[in-house]
Amino acid sequence: MEVRLIEASSEIGAGSRGASMGMAGLRVAAWKLGSELFGHAEESILRNENDVLYEDDRSPNAHHIDGLIRFESDLAYEVYRFVRNGIFPIVVGGDHSIAIGSVSGSKMAAGNERLGVVWIDAHADLHTPLTTPSGNVHGMPLALLMDLENPERKNDPVIYTMDQWDRLKKIGDDGAKLLPKDLVFIGLR
């Protein structure tokens, strides 16, 4: 099976800057080690939409969600296109929110087949705009992908935010893309 890299250098979902430099850091490290991986591997480089970080934020409980919708849609369709054409995509980011587009695209390609995810992180990333302490969407991808809504509301997001959240959840397909029983956590603290 052919393998191809997708550069998803978005940091829209993160609370601090730097996550968009992930692929650049890997390229430098590979070059220093004498690897020719990035000289030969075909890549797809997505527009990152990080320019929204310099615009007014209309969603304090899901920062810059409008830019995320555009980016995650593009990522989902790129992953879908690769998988449907027999190409195994390796998505390199970017903050944790890239899981939204990566898993959504995989689910579109899988149809009714179940997906499994191994989540290697110190955090479960199960917040929503209703529960987030920070408003950073990189803490929300698994809740979104499993279509979870936490009934213990801590926040009262504006209507715009919840409308955009619903749009983000519908990328690729309406409803859950991942079942809780198909998720494994490694490294939670």
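What follows draws every value from the coordinates through simple rules; no lab data is involved. Not measured: the values here are computed from a predicted model. No Cβ is skipped: glycine too gets one built from the backbone with ideal geometry, and neighbour counts run over all protein chains shown.
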Quick calc of log₁₀ I(q)/I(0), the range 1-81, Debye, one scatterer on every Cα, no solvent, q values 0.11, 0.15, 0.16, 0.23 1/Å, result -0.37, -0.63, -0.70, -1.10
Percent of C-alpha pairs per 5 Å bin, the range 136-189, short to long: 4, 15, 24, 28, 15, 9, 3
Within the range 92-127: backbone nitrogen closer than 17 Å to the GLU152 label point (7 Å, Cα to C-beta): 123-127
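Placing unit charges on C-beta atoms (Lys and Arg positive, Asp and Glu negative, everything else neutral), compute the dipole magnitude of the chain about its Cα centre in debye, rounded to 20. Before the final figure, lay out the partial values.
Values: 19 positive and 28 negative charges, 85 e Å.
Value, rounded to 20: 400 debye.
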On Cα atoms only, tilt of 98-110 relative to the major axis of the chain in degrees: 80 degrees
Between the range 69-133 and the range 23-68, how far is it from one alpha carbon centroid to the other, in angstrom? 15 Å
Working from Cα positions, state the angle (0 to 90°, nearest 10) between the long axis of helix 22-32 and the longest principal axis of the chain. 20 degrees
Pairing the Cα long axis of helix 159-169 with the longest principal axis of the chain, what angle in degrees results, from 0 to 90 and rounded to the nearest 10? 40 degrees
Net lengthening on full extension, ASN112/LEU179 (0.36 nm per residue, minus Cα-Cα): 22.9 nm
Given springs between every Cα pair under 10 Å in a Gaussian network model of the chain, which of SER102, SER16, SER73 has the largest fluctuation? SER16
Between SER35 and ASP57, what's the calculated FRET efficiency when r is the beta-carbon distance and R0 is 30 Å? Round to 0.05. 0.15
Counting only Cα atoms, I'd like the Rg/Rh figure for the range 2-186, Kirkwood definition for Rh. 0.97
Under 21 Å from LYS169, Cα to Cα: lysines that are on another chain or at least 8 residues apart: LYS107, LYS154, LYS177, LYS181
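Mind jotting down a quarter of the surface of the convex hull over the alpha carbons of the range 83-158, in square nanometres, one decimal? Walk me through the numbers before you get to the answer.
Details: hull surface 25.2 nm².
For the range 83-158, averaging the hull's shadow over all directions gives 6.3 nm².
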